[in-house]
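Here, each number is a calculation from the coordinates, and none is a lab measurement. In this text, all values refer to a predicted model and were calculated from it rather than measured experimentally. Neighbour counts are summed over all protein chains in view; Cβ atoms, including those assigned to glycine, are modelled from backbone coordinates with ideal geometry.
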Amino acid sequence: MFVGHLTGIGHAASVQVQSGHSGSVLLGGKSDLDIGHVLGIRKGRKALGVTGTTERKTRYCRRIGYLQWMRLFFSRLTKPTRLMAWPLAAWLSLVAATTMAQTPARFADNMAERTRACMACHGDQGRAGPDGYYPRLAGKPAGYLHNQLRNFAQGRRHYELMARLIDPLTDDYLGEMARYFSSLELPYPAPSASNAITPERLAKGQQLVTQGDASRGLPACTQCHGTRLTGVQANVPGLLGLPLDYLNAQLGAWQTGQRKALAPDCMAEVVKRIPAEDLIAVSSWLARQPLPSDTHPAAQAPQGKPLPQALRCGSAPELHGGKP
Ligand code: HEC
Ligand code: HEC
């Protein structure tokens, strides 16, 4: 089997993550390439007011992938039903074993299967994790997703567990995964931000997003992220449908140098031109906006004033006339 195949890595990675809000603490983890096939994620959800921990173990074996399905099936049954269901399971296993002995193992060898390890964190089909920390992947521009995978692999963004998962993969394969998640069409949830903020501050946020601040040499966010703020093909992400915590974490990470994009890093310049209290106004306004009816990234950036030289984006050269 091609080592770069995600299944090979997905089922061999044994990880334990404790996630709070925007800070996630790695409790321990090992990644061995023998048959460990457990991806277990333990989440401390105290930050969300949920007591106790939930543990989710996903067993996935490429050859006998039906095991995972059975586990899920059983976990959803009530206890008496579960007892009655075991003979059925035994029978199913027998049938499966017999079938496998006769024919080569059958499994759906497609991207949906191979990216199961990703979905353990990023939600089914990459729709985002439940707590605003694991970002949505579905429908984001493919070039943007590909650039992010490179950023994690090459140390411009940091999340060790993910970096380890993608480390052995070729750049072509990262691109293939990026295109897969980009092609998924999923509805967005309604905006849910409810942090305390005055209408005046929200109006300030809106003004910065839609008009920028000429006195600071700051273009409107819409100039790069698209008039509808749904992003621009192929390298600029949308800014709507993102949870407030995620927006704050990312803008904060650019401020502190924890997140970088390919140089020249225009977003690092953008956040430098916005005072901290206005950044919160911006994220609070963005996280309150419903998505427009067309949520797809725009085909190209709005034509208008050229971007200042200091705000060129290495990850999206097409924004200033360069080749993508
Ligand atoms: C252990 C949990 C975990 C797993 C498994 C995981 N990710 Fe992630 N991923 C994260 C977290 C957390 C972030 C956000 C980190 C941050 O705040 O910068 C992230 C960010 C990303 C981003 C950037 C998204 C954006 O909008 O900027 C991409 C793309 C991505 N992951 C793809 C993948 C793919 C593809 C896989 C499977 C190979 C994967 N991830 C597996 C936790 C995970
Ligand atoms: C000069 C063009 C430009 C301007 C202006 C700009 N951005 Fe960006 N932004 C980008 C590019 C390019 C990326 C992708 C960076 C990368 O590849 O990591 C990005 C990424 C982001 C992200 C990361 C999204 C995610 O899913 O992780 C956020 C958040 C963001 N921008 C917010 C803003 C806000 C808010 C403004 C206005 C105050 C703004 N940007 C103005 C070009 C721009």
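List of remarks:
- Note on ALA163 and ALA203: their simple-model spin labels are 4.4 nm apart, each label 7 Å out from Cα toward Cβ.
- For the range 227-324, GluC sites (Glu not before Pro) meeting the loop criterion (DSSP other than H, G, I, E, B) and having at most 15 other Cβ atoms within 10 Å: none.
- Comparing Cα centroids, the range 187-216 and the range 131-152 end up 23 angstrom apart.
- A simple count of charges around TYR144, restricted to other residues whose Cβ falls under 13 Å of its Cβ and scoring Lys, Arg +1 and Asp, Glu -1, yields +4.
- Residues ASP172 and THR210, FRET efficiency given R0 of 22 Å [Cβ-Cβ distance, rounded to 0.05]: 0.05
- Applied to the range 258-273, the Karplus parametrisation 6.51 cos²θ - 1.76 cosθ + 1.60 on θ = phi - 60° returns per-residue 3J(HN,Hα) values of 6, 10, 10, 10, 3, 6, x, 8, 4, 5, 5, 5, 4, 5, 5, 8 Hz, with x for Gly and Pro.
- Normalising by residue count, the range 111-183 has a Cα convex hull of 82 Å³ per residue.
- Three-way shape call for the range 199-320 based on the alpha-carbon gyration tensor, with the a/c threshold at 1.5: rounded
- Among the GluC sites (Glu not before Pro) within the range 139-236, those in coil by DSSP and having at most 10 neighbouring Cβ atoms inside 10 Å are GLU185.
- Rounded FRET efficiency, nearest 0.05, which uses the C-beta distance separating ASP109 from GLU277 and R0 of 56 Å: 0.65
- Close amide H pairs (under 5 Å, H built 1.01 Å from N) link LEU218 with ASP213, residues at least 5 positions away or on another chain.
- Ordering of 258-265, 305-312 by packing [mean C-beta count within 10 Å, highest first]: 258-265, 305-312
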